[in-house]
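Here the structure is laid out as structure tokens; the discussion comes afterwards.
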Amino acid sequence: IQETLVLVKPDGVARNLIGEILRRIEAKGYSVTDLRMVEADRGLLEQHYEEHVGKPFYEPLVEFMQSGPVVAVRVAGQRVIEGFRSLAGATDPTVAAPGTIRGDFGRDWGLRVQQNLVHGSDSPESAARELALWFR
Ligand code: ATP
């Protein structure tokens with residue numbers, strides 16, 4: 001059984017989509033095994049997004065993630081890393097397929113692609129690293 005870190009980002013929390021996102025995760029057959037609401041500080045976000053340091057969207061992203069609480073969720077299931085990324089849809093909500101979280105609820109905020117409701121770990125290595133950060 002695999003584990004992944006899902007984050008409901010500040011836009012997802014502000015738009016009251018926590019329940020809907022958890023519902024989709026559970027409906028797919030995955031299990032929520034831990035969950036916490038966090039006001040992430042800059043240090044945590046710098047570690048979480050270390051692979052993006054230096055990219056043009058890095059600073060706006062780190063600031064956006066501090067704009068409100070985030071819900072961190074530990075999710076377990078068969079091939080859940082790939083499976084959740086499929087539930088989430090493409091990074092840019094404008095082109096994310098209907099039926100995905102980002103495709104159904106994501107809005108076009110102009111250049112603010114960072115407001116795409118959820119994060120999901122992209123590999124077993126990132127999942128282990130990110131789970132250790134958010135559930136230390
Ligand atoms: P996540 O890792 O959050 O699940 P992802 O794997 O789809 O998303 P990454 O390429 O890892 O996307 O980027 C991490 C986050 O950075 C994205 O979810 C998005 O919030 C933001 N981001 C990525 N590309 C851009 C961009 N071109 N402009 C603004 N924000 C971006």
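Restricting the GluC sites (Glu not before Pro) of the stretch 1-107 to loop positions (DSSP other than H, G, I, E, B) with no more than 11 neighbouring Cβ atoms within 10 Å leaves Glu39.
Amide H contacts of Gln2 (H built 1.01 Å from N, in plane; Pro and chain starts excluded): Gly77, Gln78, Arg79, Val80 sit under 5 Å, all sequence-distant by 5 or more or on other chains.
Note that the stretch 53-100 shows a convex hull volume over its alpha carbon atoms of 129 Å³ per residue.
Between Glu50 and Arg15, the contour length at 0.36 nm per residue exceeds the alpha carbon distance by 9.9 nm.
Entry note, the chain: the mean residue ellipticity at 222 nm calculated from DSSP H runs of n ≥ 4, each adding -39500 (n - 2.57), is -10500 deg cm²/dmol after division by the residues and rounding to the nearest 500. Model label sites at Phe57 and Val32, defined 7 Å from Cα along the beta-carbon direction, differ in position by 2.6 nm. Using bins 5 angstrom wide from zero, how does P(r) for the stretch 2-134 break down, in % of all Cα pairs? The percentages, shortest bin first, are 2, 11, 21, 26, 24, 13, 3, 0. Here the 3J(HN,Hα) profile of the stretch 51-63, calculated from phi with Karplus coefficients 6.51, -1.76 and 1.60 at θ = phi - 60°, is 5, 9, 3, x, 6, x, 8, 4, 5, x, 5, 5, 5 Hz, Gly and Pro shown as x.
For the chain, the dipole from Cβ point charges (+1 on Lys and Arg, -1 on Asp and Glu) about the Cα centre works out to 360 debye, to the nearest 20. Think of the chain as a dipole: +1 on every Lys or Arg Cβ, -1 on every Asp or Glu Cβ, centred on the Cα centre; then among Gln115, Gln47, Gln66, Gln115 lies furthest on the positive end. In plain terms, the chain is cut at each of the chymotrypsin sites (Phe, Trp or Tyr not before Pro) found in a DSSP loop with at most 15 other Cβ atoms within 10 Å, and the longest leftover piece is 1-56. For the stretch 125-136, putting each phi into the Karplus relation 6.51 cos²θ - 1.76 cosθ + 1.60 with θ = phi - 60° gives couplings of 5, 5, 4, 5, 5, 6, 4, 5, 6, 7, 10, 7 Hz, in residue order, rounded to whole numbers and with x for Gly and Pro. Across the stretch 2-134, Cα pairs under 8 Å and at least six residues apart give a relative contact order of 38 percent.
Could you give the length gained by full extension between Arg107 and Gln78, i.e. 0.36 nm per residue of separation minus their alpha carbon distance, to one decimal place?
Result: 7.4 nm gained on full extension.
Computed from the coordinates by the stated procedures, all read-outs in this text should not be read as laboratory data. All values reported here derive from a predicted model rather than from experimental measurement. Note that each Cβ is placed from the backbone with ideal geometry, even for glycine, and that neighbours are counted across all protein chains shown.
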